[in-house]
1. Could you look through the stretch 184-213, keep only residues that are outside any loop (DSSP other than H, G, I, E, B) and free of Cβ contacts under 8 Å to residues at least 40 places away in the same chain, and pick out the one that is nearest to the ligand (Cβ to nearest atom)?
2. Considering only the stretch 293-335, how many residues are assigned to a loop (DSSP other than H, G, I, E, B), closer than 16 Å to Met10 by Cα and open to solvent by less than 20 Å² (accessible area, probe 1.4 Å)?
3. Which condition does Ala228 not pass, out of (1) aliphatic (A, V, I, L, M); (2) buried (at least 18 other Cβ atoms within 10 Å of the Cβ); (3) under 30 Å from Pro126 (Cβ atoms), if it passes all the others?
4. Pairs under 7 Å by beta carbon, first residue more than 11 Å from Arg55 (Cβ to Cβ) in the stretch 241-252, partner charged (D, E, K, R) and in a helix (DSSP H, G or I), six or more apart or different chains?
5. Out of (1) within 24 Å of Pro187 (Cα to Cα); (2) assigned to a helix (DSSP H, G or I); (3) touching a helix residue (DSSP H, G or I) at 6+ places or on another chain (Cβ under 8 Å), the odd one out for Thr272 is which?
6. Does Trp294 qualify as being among the aromatic types (Phe, Trp, Tyr) and more than 25 Å from Val104 (Cβ to Cβ)?
7. Quick test for you: out of Met304, Met295, pick the one residue that is without any contact (Cβ under 8 Å) to a residue 40 or more places away in the chain and away from the ligand (no atom under 16 Å from the Cβ).
8. Which condition number does Arg230 fail, the rest of (1) more than 20 Å from Glu355 (Cβ to Cβ); (2) modelled with pLDDT under 95 being met?
Amino acid sequence: VDSGVIDFGMGFPIYELDPDPAPVLTEIARDPRRHELLQYPRPGGPMDQRAAGSRWCAELGVKVAPEDLFVTLGALHASHLWLLSVLKRGATLLTGELTYRMVVSAAEQLGIQVRGVPMDEQGILPDALEREARAAGARGLYIMPTNQNPTAGILSRSRRRALVKVVQECRLQVLEDDIHGPFHPSPRPTPLRELCPDQVTYVASLSKTLAGGLRVAFAVTPANRRPAFRSALLASLYSAPPLNAEIASRWIQDGTAFDTVAAKRKEADHRTGLARERLGSLVPDLRTGAYYCWMQLPESWTAMRFTMEAQRREVAVMPAEPFYVGEGEPPEAVRLSLGAVTREQIDRGLDVLEEMLRHPASAQNHVV
Ligand SMILES: Cc1ncc(COP(=O)(O)O)c(C=O)c1O
């Protein structure tokens, strides 16, 4: 995005509330065991860091012993390891028809075919999942049950149970990506992992909650998948850098991580509330801590034209198209990501979008 452009396009988190690294870096610098952080770690991570991961997962509703958890280099790395350890070249991976693009790209680069499953505002529809799984003979499912990216949808309890039933009947291995889940206020919906531990690999990344540049996530696989996941980890980078994970672990153990999530949740609700106030019912009133929202456009706009016109007025938004892996055409909708912008930019950006929605015809006359 050019400078001067207000960026509602990229899904970056609320950076301004990331914790200050200075105190924890000083603590680490004074720790007599600091040299160990520069040595090759145990594959999967040092045990005290895995204990921090276990505490983080417990907070999200997933019980795991530290020795059964892997520290990975972010959720995307964990997704690669899952794809490598579960699906073979030529296999089919199912996902919601609107989904996080980078996992689709990773799968395609590994020769895995990706098929989109129809969704409603909550997310994947169980009947459609069953139909697609049987039609494609699919082996895997990638899913974000809480604060789905890009729609911010949340699967209800009964939907989760219905999906798990299909997963069990069709013997699908599942990658549950809970990167945006921590923002959901308590009580959080039960992760699929707890409903179906034998088939679900759970990934909890700290990128959105604490610091994307640390590249730290925790992965919990079914017991019988652990050796294959471990082999993929060893062959990819041996083990995640312990220095980065040490920062994250200390933030979890001293409570900074939980305070940061609470602050970001509050700010995200405020920001999406502003969008709702200004753009009305086009933006769903979710208030679930997600810092992005999905806006279904009125008939007067296509997503592509809306995106181009907003760009001309120096506001970047993300159309549905890059997220879409379904049959047919993507919906006429855009994602507004309100994380890495200031409140003042949000105000100005929403002014622009509101004006475009109020005067759709005049705004579309700028074709030369
Ligand atoms: C749903 C989802 N999964 C994974 C990622 C990437 O996570 P990480 O930075 O931990 O690799 C993102 C980042 O935007 C995301 O939105």
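The values are calculated or read from the model by the stated rules, or taken from the named source; none is laboratory data. This is a predicted model, so every value here is computed, not measured. So basically every Cβ, Gly included, is an ideal-geometry build from the backbone, and we count neighbours across all protein chains shown. In case anyone asks, the SASA skips ligands and DNA or RNA and just uses the protein heavy atoms, side chains included. Shrake-Rupley method; radii C 1.70, N 1.55, O 1.52, S 1.80 Å.
1. Gly213
2. 2
3. Of the numbered conditions (1) aliphatic (A, V, I, L, M); (2) buried (at least 18 other Cβ atoms within 10 Å of the Cβ); (3) under 30 Å from Pro126 (Cβ atoms), the odd one out for Ala228 is (2).
4. Pairs that qualify, where the first residue is more than 11 Å from Arg55 (Cβ to Cβ) and the partner is charged (D, E, K, R) and in a helix (DSSP H, G or I), are Arg250/Glu27.
5. (3) is the only condition that Thr272 fails.
6. No, not satisfied.
7. Met304
8. (2)
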